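What follows is one structure encoded as C-alpha cells, with my remarks underneath.
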Amino acid sequence: MYLAIILIYGLLALLIAVPLSSWAARFIVGIIEYLINFELSPFGLAPRVLVLETALALLVPLLAGLWPIVSGVRITVREALTDYGLAEGAGNGLMDRLLERVRGLPRPLLLSLRNTFRRKGRLTLTLVTLVLAGALFMAVISVRASMTRTVDELLQGLGYDVFVYLSRSYRTERVQDVALRTPGVAAAESWGGISAYRLRPDGSDGKVFTILAPPAETQMLRPQVVQGRWLLPEDKNAIVLNTFVLQDEPGVAVGDKVVLEIRGRETTWHVVGIVRPVLPDSTAYAGYDYLSRVTRDAGRASQLALVTERHDGPFQAQVARDLEDRFDLEGLSVIASVTASGQSQA
C-alpha cells in the first residue's frame with residue numbers, strides 16, 4: 001500500500017515535471033539562439049530524456065522509501081500499538097542531562113527543547129537540510145543580484161534606445177531622414193559595420209568578429225575602458241577591442257598592430273584600447289570615416305542608432321516596430337531591430 005502511494009506521487013510529479021522542464025528547455029534554447037544569432041534545429045523531447053525523467057520520478061522515490069517501509073512492516077501489531085515513539089535508553093545523552101539541569105524555563109518550552117534533542121540523528125538531518133537549502137537560496141540570490149548589477153553596469157555604455165540593422169548600406173542622409181520622421185524618435189546616428197577576422201603572424205586565421213563604426217562625436221556609445229583609451233576624432237586606423245575578442249586572440253595587447261581581413265583586403269590596425277563588452281558577442285570599434293574608406297562605403301551606413309522620446313521598454317518596442325514599417329514603405333530593407341530594454345532583459 002505504501003509503495004503504491006509513493007508510485008502515485010511519483011507519477012503525479014512526472015506529469016507536472018515533463019511539460020515544465022520542456023518549457024524551460026525551450027525558453028533557454030531561445031535565449032541561446034538570440035545570443036549566438038544562430039537558428040538551432042527544431043526543439044523536441046528526446047525519448048532517452050523522457051525515459052531518464054520517468055526513471056528518476058518513479059524509481060528514486062521507491063528506493064528512498066523502501067527501507068523505512070520494510071522496517072515498519074517487520075514489527076508486530078502489538079509492538080506497533082504499544083510503541084509511543086521513545087527508544088529504550090532515550091534521554092541519557094549529554095545534551096539530555098544538561099537540559100535536565102536547566103531551571104526557570106516554562107515547562108512547555110523545556111519539553112520542546114528536550115523533544116528536539118531526543119532524536120539526534122533526525123535533528124542532524126533536518127539541520128543539514130535547512131542549512132544546505134538556505135545556503136543554496138542565498139547563493140542563487142547573490143549570483144542573480146551580482147549578474148543584474150554587472151549587466152546594468154555594462155549597459156550604461158549604451159546611449160541608444162533602439163538599434164536597427166539594415167540589409168545593406170544606404171546613404172546616411174536618407175536613412176536618418178526616414179528615422180527622424182518616425183514618431184517617437186528624438187535623435188539618430190548612422191553607423192558603419194562590417195565583419196572581419198585577424199590574420200595571425202603564424203599564417204592562421206582568427207575567428208570572425210564584428211567591427212562597429214559610430215561617428216567620431218557619438219554620444220550613443222561609451223563602453224567602459226579597461227586598458228588604453230577610447231577612439232578620438234583624429235584617429236585613422238585605430239581600433240578598440242572588447243574582451244570577448246581577446247578571448248580568441250589572447251596575445252593581442254594595447255599598442256599592438258593587427259592585420260585584419262575585411263572584404264578580401266588585408267588592412268593594418270593599431271590597437272588603442274580594450275573595453276568591457278556592452279553586447280553579448282565579439283566586437284571591435286573603429287572610426288566611421290576611416291572604416292568607410294576601407295569598405296568603400298563613404299557617406300553610407302548599414303546600421304542606425306536611435307534615441308527615443310521615452311525610454312521605457314514598451315515605448316522602445318513600439319518605436320522599433322514603427323521604424324521597421326516606415327523603412328519598409330521607403331524601400332529600405334531591415335534585417336532586425338533591437339531595443340536597449342530587450343538587451344538588458346536578455
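Taken over the stretch 210-225, the residue count meeting the criterion of being open to solvent by 40 Å² or more (accessible area, probe 1.4 Å) and at pLDDT 90 or above is 1. Only residues that are over 23 Å from Thr218 (Cβ atoms) and out of contact with any helix residue (DSSP H, G or I) (no Cβ under 8 Å at 6 or more places or on another chain): list them for the stretch 325-346, please. Answer for the stretch 325-346, where residues must be over 23 Å from Thr218 (Cβ atoms) and out of contact with any helix residue (DSSP H, G or I) (no Cβ under 8 Å at 6 or more places or on another chain): Asp325, Asp328, Leu329, Gly331. Per the listing Val258, Val271, Val252, the residue uniquely more than 24 Å from Val178 (Cα to Cα) and in contact with a helix residue (DSSP H, G or I) (Cβ under 8 Å, 6 or more places away or on another chain) is Val252. Asp322: in contact (Cβ under 8 Å) with a residue 60 or more places away in the chain, among the charged types (D, E, K, R) and more than 14 Å from Ala196 (Cβ to Cβ), yes or no? Taking the combined requirement at face value, the residue satisfies it. Among residues of the stretch 175-188 that are under 13 Å from Gln316 (Cβ atoms), those with a beta-carbon under 7 Å from a residue that is among the polar types (S, T, N, Q) and not in a helix (DSSP H, G or I) at least six positions away or on a different chain give the pairs Gly184/Thr308; Val185/Thr308; Ala186/Thr308.
Being open to solvent by less than 60 Å² (accessible area, probe 1.4 Å), modelled with pLDDT of 90 or more and not in a loop (DSSP other than H, G, I, E, B) is the requirement here; does Trp230 meet it? So Trp230 fails the test.
Name the residues in the stretch 231-258 that are within 16 Å of Pro277 (Cβ to Cβ) and in contact with a Gly (Cβ under 7 Å, 6 or more places away or on another chain), would you? Val240, Asp248, Glu249 - these are the residues of the stretch 231-258 that are within 16 Å of Pro277 (Cβ to Cβ) and in contact with a Gly (Cβ under 7 Å, 6 or more places away or on another chain).
Restricting attention to the stretch 67-99, and to residues there that are among the hydroxyl-bearing types (Ser, Thr, Tyr) and open to solvent by 60 Å² or more (accessible area, probe 1.4 Å), which single residue is modelled with the highest pLDDT? Only one residue tops the list, namely Thr76. Of the strands (runs of 3 or more DSSP E) lying entirely inside the stretch 236-346, those containing at least 3 residues that are surrounded by 21 or more Cβ atoms within 10 Å (Cβ to Cβ) and at pLDDT below 90 span 300-308. Of the residues making up the stretch 134-174, those that are open to solvent by less than 80 Å² (accessible area, probe 1.4 Å), at pLDDT below 85, farther than 21 Å from Phe315 by Cβ and of a type in the set (A, V, I, L, M, F, W, C) number 3.
The values are calculated or read from the model by the stated rules, or taken from the named source; none is laboratory data. It should be emphasised that the depicted structure is a prediction, and the values quoted were computed from it without experimental measurement. All Cβ positions, even for glycine, are placed from backbone atoms using ideal geometry, and neighbour counts span all protein chains on display. Side chains included, ligands, DNA and RNA excluded: accessible areas come from the protein's heavy atoms. Shrake-Rupley method; radii C 1.70, N 1.55, O 1.52, S 1.80 Å.
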